[in-house]
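**Q** Quick one: this structure, given as structure tokens, is what I'll be asking you about.
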Amino acid sequence: MKALFITVKDLKANSIISGNTDADKLIHFIDVAQDIHIQNYLGGKLYDKMQSLIISGDIDLPANSNYKLLRDDYIKSMLIWYTQLEYFPFSMFKVDNGGVSKHRGEESDFVNFSDVDRMMSKISDRAEFYTRRFLDYICFNSVKYPEYTNNQNGDMYPDRDVDSFSSWVL
């Protein structure tokens, strides 16, 4: 069993994703963004701790208020923006028995790739902002989250630097 740190409702309410977007299409991208990006910054031990607290329902207990604060005030914002970053490149495509096709609504026009690139750059900037906020908080408060610094051997160590690499300039 796996817990997602945000709901589809959280995503739709706090992003530019339309409220009528099919939830089944979004769940996968929440999961991917959480695995790739959030786990990267939490590290294996803290990620597993957050998972177990959410699955058990213990995250709402007063003894776990630091973990609830971490999820609600830092992780959710990061995950919302990283989910959009993962979702948008695929949002216009549909895969079914007939193959891959582009979805086109009745009164919609497709944007060109430079518009999509510009939007993706802005989304990435926001994801990096919330990640920096998280890193500043967790590094200053790491005593409250012993799992953050207790990774061993095969555990995934937390990335403590925001990857702001976007392209090569020659």
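**Q** Could you list, in sequence order, all residues of region 139-161 that are part of a loop (DSSP other than H, G, I, E, B) and either closer than 13 Å to GLN39 by Cα or modelled with pLDDT of 70 or more (or both)?
**A** ASN141, TYR145, THR149, ASN150, ASN151, ASP155, MET156, TYR157, PRO158, ASP159, ARG160, ASP161
**Q** Could you list all residues from region 125-151 that are more than 15 Å from GLY43 (Cβ to Cβ), in contact (Cβ under 8 Å) with a residue 12 or more places away in the chain and aliphatic (A, V, I, L, M)?
**A** ALA127
**Q** Report yes if VAL111 is in a loop (DSSP other than H, G, I, E, B), among the β-branched types (Val, Ile, Thr), surrounded by 11 or more Cβ atoms within 10 Å (Cβ to Cβ) and modelled with pLDDT under 85, otherwise no.
**A** Yes.
**Q** Please go through region 54-72 and give me each residue that is touching a residue at least 60 places away in the same chain (Cβ under 8 Å) and out of contact with any Lys or Arg (no Cβ under 6 Å at 6 or more places or on another chain), ordered by number.
**A** TYR67, LEU70, ARG71
**Q** Being loosely packed, with under 13 Cβ neighbours inside 10 Å, among the charged types (D, E, K, R) and modelled with pLDDT of 80 or more is the filter here, so list the residues in region 73-108 that pass it.
**A** ASP73, the sole residue that qualifies.
The values are calculated or read from the model by the stated rules, or taken from the named source; none is laboratory data. Everything numeric here is computed off the predicted structure, so don't read it as measured data. Using ideal geometry, Cβ is built from the backbone for each residue, glycine included, and neighbour counts are taken over all protein chains shown.
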